[in-house]
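Have a look at the structure below, then the notes.
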Amino acid sequence: MSHNFHLRSSALPLRFFPGGLGARFSCNEPKHLGSSSSVGVAVASPSRTLQRHQAKATAKEVGVQETAQGSAALGWAARDASGVLSPFDFSRRAQKDDDVTIKVLYCGICHTDLYTIKNEWGTAMYPVVPGHEILGVVTSVGSGVTRFKAGETVGVGYFLGSCRSCECCGNGYENYCSGMVLTSNGIDPEHGGEVTQGGFSDVIVANEDYVVRVPDGLPLDGAAPLLCAGVTVYSPMMRFGLNAPGKHLGVVGLGGLGHVAVKFGKAFGMKVTVISTSPGKREEALERLGADEFLVSRDPGQMQAAFGTMDGILDTVSAWHPISPLFALMKPMGQMVFVGGPTKPLELPAYAIVPGGKGIAGNCVGGIRDCQAMLDFAGKHGITAEVEVIKMDYVNTALERLEKNDVRYRFVIDVAGSLG
């Protein structure tokens with residue numbers, strides 16, 4: 001038996017990596033990694049007229065001809081690996097019988113957007129209009145649509161299509177379908193293989209089966225990041241039983257994912273401990289977000305005091321960090337779930353998990369069923385992300401700040417207030 005697991009996250013295909021780590025197991029029951037030798041886990045805005053005048057791109061840039069049936073759209077796109085966004089005219093596909101057309105009101109900015117526009121995963125198909133945390137209002141529906149009507153507030157998350165026929169799709173895990181169609185920078189085989197453009201735009205068209213309803217009363221700007229960050233932490237909490245009142249949940253990292261995980265954990269009635277390398281985040285974790293305890297992972301005394309106390313841990317960190325000490329914090333048969341995706345391999349000694357029968361898994365967003373359930377739960381408990389709302393003309397500065405983790409905790413673009 002080898003003494004180390006090498007968790008290599010750098011080679012993950014984009015479709016399984018929305019700022020989270022998605023291990024591809026069967027879509028029936030949760031699986032745990034056994035003791036094999038190596039495991040690969042796999043603000044005033046410019047006017048709309050001025051923006052259109054500035055836009056140099058044409059329909060040729062998106063590889064399709066604008067048709068009379070399609071709708072004109074205005075977005076901001078990256079043209080190359082510099083990642084710099086600028087105004088971009090393009091055409092949305094024609095609305096089909098089972099489609100809804102949505103005026104985009106708000107769109108969150110995720111680390112995945114940053115990785116994609118800079119082509120850090122080598123998958124960018126320029127021009128790229130990023131954005132997959134989309135909230136808006138339905139403006140029209142196809143004749144076959146039964147779930148939505150014009151005027152309703154809805155959301156579109158990380159994907160807007162899947163094969164519908166595989167085991168994953170059949171069990172409500174479309175997020176693990178090999179044919180998942182990304183909302184941004186994806187290839188849509190049902191619509192001529194066109195490259196999808198995301199929510200940094202004024203309008204989007206989506207099949208009703210991949211659209212979710214936003215509960216009344218939930219602030220839209222703070223709700224937008226829930227379509228990625230929210231479901232990314234909610235889904236594994238439900239899947240692995242980390243939602244039971246009285247259980248002890250550890251949350252590694254207090255960023256865009258981590259702060260939402262704390263809110264969901266407390267709403268479930270759990271004891272929540274934030275685990276961080278930054279002592280300066282203690283007050284924020286305990287007093288503002290309501291965590292029960294704060295643990296500095298670089299403090300050996302604090303780590304020893306918390307030995308064997310947690311039922312499970314959500315690791316939300318996207319930078320390399322030592323993970324072996326984290327497993328010591330869990331009780332026997334505790335569950336570790338990675339939802340962040342460091343680009344450098346993580347190394348885990350087998351002795352950290354084998355003696356205590358501890359589990360390790362990854363999670364990539366959630367299926368449509370989970371996303372709707374998450375929003376409903378958030379609406380009931382008043383859960384939103386902590387956000388900084390910006391106009392579209394600030395987006396490049398926001399992306400620079402995001403790269404430096406200079407945001408508390410999520411940027412959200414006021415799309416309607418920027419693009420009209």
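The values are calculated or read from the model by the stated rules, or taken from the named source; none is laboratory data. None of these values were measured; they are calculated from a predicted model. Positions of Cβ are backbone-derived with ideal geometry, glycine not excepted, and every protein chain shown enters the neighbour counts. The area values use the complete protein model at the heavy-atom level, side chains included, leaving out ligands, DNA and RNA. Shrake-Rupley method; radii C 1.70, N 1.55, O 1.52, S 1.80 Å.
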Check your understanding: Over the C-alpha atoms of the range 131-287, what are the Rg and the largest Cα-to-Cα span, Dmax, in Å?
Key -> 17.8, 56
Revision key, fill the gap. So, over other residues within a Cβ distance under 14 Å of Asp216, counting Lys, Arg +1 and Asp, Glu -1, the net charge is 0
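With 21 Å as the limit, write out which pairs from Lys118/Lys344; Lys281/Lys358; Lys266/Lys358; Lys263/Lys380; Lys271/Lys331 have Cα-Cα distances beyond it, or answer none. Walk me through the numbers before you get to the answer.
Values: Lys118/Lys344 17 Å; Lys281/Lys358 28 Å; Lys266/Lys358 24 Å; Lys263/Lys380 13 Å; Lys271/Lys331 14 Å.
Checking Cα-Cα distances, Lys281/Lys358; Lys266/Lys358 exceed 21 Å.
If you average 1/r over all unlike Cα pairs in the range 156-215 and invert the result, what Kirkwood radius do you get in angstrom?
Numbers: mean 1/r = 0.0834 Å⁻¹.
This gives a value of 12.0 Å.
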Point to revise | Dimensions in Å of the range 272-401 - Rg and Dmax from alpha carbons | key: 17.2, 54
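Can you pull out the trypsin sites (Lys or Arg not before Pro) in the range 207-256 whose DSSP state is coil and whose Cβ has at most 13 other Cβ atoms within 10 Å? The partial results should precede the final answer.
Details: sites: Arg213, Arg239, Lys247; in loops: Lys247.
In loop regions of the range 207-256 (DSSP not H, G, I, E or B), there are no sparsely surrounded trypsin sites (Lys or Arg not before Pro).
Among residues other than Gly265 whose Cβ falls under 15 Å from its Cβ, what is the net charge (Lys/Arg +1, Asp/Glu -1)?
Details: positive: Arg239, Lys247, Lys263, Lys266, Lys271, Arg288; negative: Asp292, Glu293, Asp311, Asp315.
Once positives and negatives cancel, what remains is +2.
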Check your understanding: Using the Karplus equation 6.51 cos²θ - 1.76 cosθ + 1.60 (θ = phi - 60°), what ³J(HN,Hα) coupling, rounded to whole Hz, does each residue of the range 257-265 give in order, writing x for Gly and Pro?
Key -> 7, x, 5, 6, 4, 4, 5, 5, x
Check your understanding: Leaving out ligands, DNA and RNA, what percent of the accessible area of the range 103-219 is carbon and sulfur, probe 1.4 Å?
Key -> 49 percent
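With a probe of 1.4 Å, find how much accessible area the range 151-288 has per residue, and write the answer as a whole number in Å². Walk me through the numbers on the way to the answer.
Numbers: 4180 Å² over 138 residues.
Computed with neighbouring chains in place, this is 30 Å² per residue.
Hey, what D do you get for the range 129-195 in µm²/s if you plug the Kirkwood alpha-carbon radius into Stokes-Einstein at 25 °C and 0.890 mPa s?
It comes out at roughly 184 µm²/s.
Work through the residues other than Ala73 whose Cβ is under 9 Å from its Cβ and net out their charges, Lys, Arg +1 and Asp, Glu -1. Please report the intermediate quantities before stating the final value.
Values: positive: Arg92; negative: Asp89, Asp202.
With Lys, Arg at +1 and Asp, Glu at -1, the net is -1.
Accessible area per residue, 1.4 Å probe, Å², for the range 303-408: what's the number? Write down the numbers at each step before the final one.
Details: 4270 Å² over 106 residues.
Ligands and nucleic acids excluded, the result is 40 Å² per residue.
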Review point. Along the principal axes of its C-alpha atoms, what lengths does the range 225-321 span, in descending order and rounded to whole Å?
Key: 35, 27, 25
Check your understanding: Kirkwood Rh, the range 347-386, all Cα pairs: how many Å?
Key -> 13.3 Å
Practice item. Report, by chain and number, residues whose modeled amide H sits under 5 Å from the one on Phe411, excluding near sequence neighbours (fewer than 5 apart, same chain). Key: Ile109, Glu388
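Just the ratio, please: alpha-carbon radius of gyration of the range 375-420 over 2.2 N^0.38 Å, N its number of residues. Please report the intermediate quantities before stating the final value.
Working: Rg = 12.8 Å, N = 46, 2.2 N^0.38 = 9.4 Å.
Against the empirical 2.2 N^0.38 Å value, I get 1.36 for the range 375-420.
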